[in-house]
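Reviewing the structure listed below.
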Amino acid sequence: MHLDIGFLIGSPTVDHSVDVTVAPWSFTHWLEITFLVVALAIAGIVFASSYYDFRCKSTHGLDHYKHDLPTTKQMYLVSFSIIRNWYRITSRGDDQLSHNLRYIHTIRMIVFMGVTLGHVVFYAQPRTALTIENRFSDLTTMIVINGTQIVTTFFAISAMLLVLFFMQKVDETKKKVGIVEICIISAARYVRLTPVYAFVMLFEATWVVRFGDGPLWQKGFETSRTYCRKNWWANLLYINNYYKPDEPCMLHTWYLAADFHLFVYGLVLCALIARYPKMRNLLLGTLMVLSYAATAAIIYVKEYDAIPIFAPEQIRYFFWYWGVYKDAYVPTHMYLVNYTFALACAFYYRHLLKTRINYHWLIKVSWFGSLLLIPALFAMGYIFYQNQFEMPSLWMALLFPFIRLLYSAIIFFGGVGLSFRFVKLLTRLADIPFHSIIGRLTYSAYLCHLCMIKMSLFNTRSFFRYALIDIGAIWAASMFLSYLVAWVLCLVLESPFVALQRQLFKRHTRSSDDTEHSSSGGDIGTDTSYCEHSDEKNHYQANVIFSQRF
């Protein structure tokens, strides 16, 4: 492995090849004032909506906030009511399908913990590059560094929930979904995801750089601020994983772009399968073969390894100029194979729900053992760090998509075991209501977690020691702060726009015989169904398409 000896990763300034020209003060001042105006406007709207909701109360207690108001106009006005949004976050769906899938919130929480830990390890600033290379001989570190596949868990969850709730809706309404409906569903999802995303991005483009200082601070935040002011529109159009990935605004948001593309891709496939059900296996099988071949061909032609090799040269610039990052890690088309496989698994899960057989104890033991395969799969990357294989290599090109398929299969098998209670204790632990709340905060937490990590690591006057206690402390603090900020963002932005989306697209996302003013359901593309209340006059089962948000 090549080592750039002259490189000092803790350099107090950004490399001259990166344009970090600071905008004139007047422009900076205008943007910062804009953020303050937006923040104050949101606070005012939340206060006014909460006060109006309070004035609409006709009973004592808090039950008023758990039910929708009589008219659509009133529901618009109380969309930002903070107490009502708190109940939206903490409520739970009690229909059978939602009950079977409660474990997903726990998985999202665990996966987010893994993502945060990985980012802490990558962004830690040691004294020299040799410190990083020495960690490549540590098996524990290898498990964390090679855990990049963990992000594909969210793609698998997205595919499963899309299929389950979309097909449930189709079965209930007996309606076919066409191009117009696909556009409406995609627009509804955009409305739900983008406001909180834009607010966090505006903060990173303005005030965040003033929250700290030190020799490493400019390296961590100045470039991000510059790129956010330059390429913000690419993020809002969800094309930032293709447009100038070497000048990223909020580096981790490549996932949001890829997830949005894959959601639309999955939506089109689900619509085709609903219209032509006999073509399902042929369609999914053909697309899997084609995407597998295309992924392997790209790896072979580009002469890449079967896994990303994170050398110090790449970590120096946070992967901006790394060919593997731009060609194999962030593009949406590199994830088509495992997303298509996840769609197929979701249709098979629908079949399992209908059969509901008792599984042999050997299958349950195999399920428990499969969970141990995940760290083992990550640890296998150690082989590629210790050996330099000749490239281009056909076997490594074929292995690259196979690893993603294998990981997706393990995740699916694990989800089936939790859903069908192979080990009741684990299922009960996964069903804890607190996990549902944390799971619903994960999208906002994901948006701000990298900022929290960089604040912790770059606001320092010393280099990182890479000791377990140091990594653990930064990781725990970043997790706590991310969820704390996410709690506020969800109450004042994310959940209100979910409610607004519900009203805006209500006629397109509910059947004519559904209850018009029920809090129990969500809309197409919303993250979770709100809790159904047994005392509502028109109680109905949640019928939303629950798409993974990050």
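The residue pairs whose first member lies in the range 195-212 and is at negative phi, whose second member is crowded, with 21+ Cβ neighbours inside 10 Å and of a type in the set (D, E, K, R), and whose beta carbons are closer than 7 Å, counting only pairs six or more residues apart or on different chains, are Val196/Glu494; Glu204/Arg225; Ala205/Arg225; Val209/Arg225.
Filter the range 51-81 down to residues that are closer than 17 Å to Gln501 by Cα and in a helix (DSSP H, G or I), then give me how many there are. Total meeting the criteria: 6. One residue stands out among those in the range 455-483 that are at pLDDT 90 or above and within 22 Å of Leu493 (Cβ to Cβ): the one that is surrounded by the fewest Cβ atoms within 10 Å (Cβ to Cβ), which is Phe480. Within the range 385-412, track down each residue that is surrounded by fewer than 18 Cβ atoms within 10 Å (Cβ to Cβ), modelled with pLDDT of 90 or more and farther than 16 Å from Ala293 by Cβ. Correct list: Leu406, Ala409. When Ile453, Ile474 are checked against the criterion of being of a type in the set (Val, Ile, Thr), more than 19 Å from the chain's Cα centre (by Cα) and part of a helix (DSSP H, G or I), a single residue qualifies: Ile474.
The residue of the range 345-384 that is modelled with the highest pLDDT, among those that are exposed (fewer than 12 other Cβ atoms within 10 Å of the Cβ) and charged (D, E, K, R), is Lys354.
For Leu491, the conditions (1) in contact with a Leu (Cβ under 9 Å, 6 or more places away or on another chain); (2) at pLDDT 90 or above all hold with the exception of (1).
Consider the range 413-443 and keep the residues that are among the β-branched types (Val, Ile, Thr) and assigned to a helix (DSSP H, G or I). The one that is modelled with the lowest pLDDT is Thr427.
Val22 satisfies every condition listed in (1) modelled with pLDDT of 55 or more; (2) surrounded by 12 or more Cβ atoms within 10 Å (Cβ to Cβ); (3) in a loop (DSSP other than H, G, I, E, B) except (1). Taking helices (runs of 4 or more DSSP H) as the structural unit, those lying wholly within the range 141-238 and holding at least 3 residues that are among the small types (Gly, Ala, Ser), within 20 Å of the chain's Cα centre (by Cα) and surrounded by fewer than 22 Cβ atoms within 10 Å (Cβ to Cβ) correspond to 179-204. The sole residue among Ile299, Ile307 that is part of a helix (DSSP H, G or I) and either closer than 29 Å to Ala379 by Cα or at pLDDT below 85 (or both) is Ile299.
The set of residues from the range 404-447 being farther than 20 Å from Leu352 by Cα, free of Cβ contacts under 8 Å to residues at least 60 places away in the same chain and under 20 Å from the mean Cα position of the chain (by Cα) comprises just one member, Phe434. The residues on offer are Thr106, Thr141, Thr148, Thr116, and the sole one that is in contact with a Pro (Cβ under 8 Å, 6 or more places away or on another chain) and among the hydroxyl-bearing types (Ser, Thr, Tyr) is Thr148.
Of all residues in the range 33-51, those that are surrounded by 14 or more Cβ atoms within 10 Å (Cβ to Cβ) and among the β-branched types (Val, Ile, Thr) total 4. Please indicate, with yes or no, whether at least one residue in the range 360-378 is over 18 Å from Phe400 (Cβ atoms), of a type outside the set (Phe, Trp, Tyr) and not in a helix (DSSP H, G or I). Checked against the condition, which is being over 18 Å from Phe400 (Cβ atoms), of a type outside the set (Phe, Trp, Tyr) and not in a helix (DSSP H, G or I), the range 360-378 yields at least one hit.
Considering only residues of the range 111-140 that are of a type outside the set (Val, Ile, Thr), part of a helix (DSSP H, G or I) and over 21 Å from Cys448 (Cα atoms), which is modelled with the lowest pLDDT? Ranking the candidates gives Ala129 first. Would you pick out the residues in the range 82-110 that are in a helix (DSSP H, G or I), aliphatic (A, V, I, L, M) and under 30 Å from Arg356 (Cα atoms)? Within the range 82-110, Leu97, Ile104, Ile107, Met109, Ile110 meet the criteria. I'd like to check something: does the range 101-115 contain any residue that is among the polar types (S, T, N, Q), over 23 Å from Leu262 (Cα atoms) and in contact (Cβ under 8 Å) with a residue 40 or more places away in the chain? No; the residues of the range 101-115 include none that is among the polar types (S, T, N, Q), over 23 Å from Leu262 (Cα atoms) and in contact (Cβ under 8 Å) with a residue 40 or more places away in the chain.
Going by the conditions given, is Thr460 assigned to a loop (DSSP other than H, G, I, E, B), hydroxyl-bearing (Ser, Thr, Tyr) and under 30 Å from Ile132 (Cα atoms)? Yes.
Among the residues making up the range 39-86, those that are farther than 26 Å from Thr206 by Cβ, in contact with a Phe, Trp or Tyr (Cβ under 6 Å, 6 or more places away or on another chain) and touching a residue at least 24 places away in the same chain (Cβ under 8 Å) are Lys66, Leu77, Ile83, Arg84.
The values are calculated or read from the model by the stated rules, or taken from the named source; none is laboratory data. Since we're looking at a predicted model, the values are computed, not measured. Please note: Cβ atoms are built from the backbone with ideal geometry, for glycine as well, and neighbour counts cover all protein chains shown.
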